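Undergrad: Next up is a structure, given as structure tokens.
The values are calculated or read from the model by the stated rules, or taken from the named source; none is laboratory data. A quick note: this is a predicted structure, and the numbers were derived from the prediction, not measured. Remember, those area values only see protein heavy atoms, side chains included, never the ligands or the DNA or RNA. Shrake-Rupley method; radii C 1.70, N 1.55, O 1.52, S 1.80 Å.
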Amino acid sequence: MTDHRGAPPPEDPPSLPSVADDEHFMATAIDEARAAAGHGDVPIGAVVVRDGEVVARGRNRREADGDPTAHAEILALREAARTLGRWRLQDCALYVTVEPCAMCAGAAILARLPLIVFGAPEEKTGAVRSTVDLFDDPRALHRPKWRMGARREEIERMLGEFFSGRRGPREVEGEGISSARSSDMNDERGQQDG
């Protein structure tokens, strides 16, 4: 049986991760980020979680693959779609170390993800809360809930070390990773599916 849009209905309501799960799944995304740095890419990692299990992983591969779209989130979403045999990921959550850009936030919307959790804001290109609020836009096809702050300090330190090793200490501060107030650490907003 399918709904009017052709998607099979979920057998059970999706079991999405709670805030208590965020540290655990973000640690896995951080492992992917470290692997990205190992091949010269900006250390950003992502995992897709379904029913408490990681079903897909991704890490930045823009430099490694010479592909401007090889962002961690895109690669994780592609792997999740292959693994699950469908593009609608309405029963999954995406964990990513850094706030998604417009391309990745758009992909999350199109995949119908109900929840995105990111560790650190990205003040220059983040499209969830920093430069634009794509998930909170009432015109959006779908509006995922989102949370920020899991392992934020660790992620910002990792990114700072990566950029300081490449550019020198003076340029790291303006790199775009937020120096936002610590009160933003556990910022949680979201909208119902619209």
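Undergrad: Determine the share of region 79-166's accessible area contributed by carbon and sulfur atoms, expressed in whole percent, with a 1.4 angstrom probe.
TA: Ligands and nucleic acids excluded, carbon and sulfur give 52 percent.
Undergrad: Along region 104-118, what does the Karplus equation 6.51 cos²θ - 1.76 cosθ + 1.60 (θ = phi - 60°) give for ³J(HN,Hα), rounded to whole Hz, x for Gly and Pro?
TA: These are the phi-based 3J(HN,Hα) values: 6, 5, x, 5, 5, 5, 5, 7, 6, 4, x, 8, 10, 10, 10 Hz.
Undergrad: From the phi angles alone, apply the Karplus equation (6.51, -1.76, 1.60; θ = phi - 60°) to region 51-66 and give each ³J(HN,Hα) in whole Hz, x where the residue is Gly or Pro.
TA: Coupling constants for region 51-66: 6, x, 10, 6, 9, 7, 9, x, 9, 3, 9, 4, 5, 4, 9, x Hz.
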